[in-house]
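First the structure, in the form of structure tokens, and then the observations on it.
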Amino acid sequence: MVLIGKGVSALQEAGYLPVNPLDGFPRIEILGLYPTTEGVAAQAVMIALLAFGFGLNRRTTNKEAKA
């Protein structure tokens, strides 16, 4: 997650991505959390993918344990 946040921030600084600030959103650099729509969206997508992967792994593990 930190890598995605810092990567999006670097692309924004280089001018490859637009910067749309979010008011009232905290800036936590050590976690790679920057208050921009693009950064938060990228991290939200990553959280969703991680949750999906963990859920899929858990379901597969439970099916193997029952068999």
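About its Cα centre, the chain has a charge dipole of approximately 520 debye under the convention of +1 per Lys or Arg Cβ and -1 per Asp or Glu Cβ, with nothing else charged. Residues whose amide H comes within less than 5 Å of that of L33, counting only those at least five positions distant or on another chain, are I28 (H built at 1.01 Å from N in the peptide plane).
For the chain, the list of chymotrypsin sites (Phe, Trp or Tyr not before Pro) that fall in a loop by DSSP and count at most 16 other C-beta atoms within 10 angstrom reads Y16. Each helix, a run of at least 4 DSSP H residues, gives -39500 (n - 2.57); summed and divided by the residues of the chain, these come to -22500 deg cm²/dmol at 222 nm. Annotation for E13 and N62: the two label points, set 7 Å from Cα along the Cα-Cβ direction, are 4.4 nm apart.
Loop-located trypsin sites (Lys or Arg not before Pro) in the chain (DSSP state other than H, G, I, E, B) with a sparse environment of at most 13 neighbouring Cβ atoms within 10 Å: R27.
If every alpha-carbon in the chain counts as one equal scatterer, what log10 I(q)/I(0) does Debye give at q = 0.16, 0.26, 0.27, 0.29 1/Å? So the normalised log intensities are -0.58, -1.07, -1.12, -1.21. One decimal place: the segment K6-M46 gains 13.1 nm when fully extended, by the rule 0.36 nm per residue minus the C-alpha distance.
Residue by residue, the range 44-59 carries 3J(HN,Hα) couplings of 5, 5, 5, 4, 5, 5, 5, 4, 4, x, 5, x, 5, 5, 5, 5 Hz when phi is fed to the Karplus relation 6.51 cos²θ - 1.76 cosθ + 1.60 (θ = phi - 60°); x denotes Gly or Pro.
Read-outs: derived from the displayed coordinates by stated rules, not from any lab. Fair warning: this is a prediction, and the values are worked out from it, not measured in the lab. In this analysis, Cβ positions are derived from the backbone assuming ideal geometry, glycine residues included, and neighbour counts consider all displayed protein chains.
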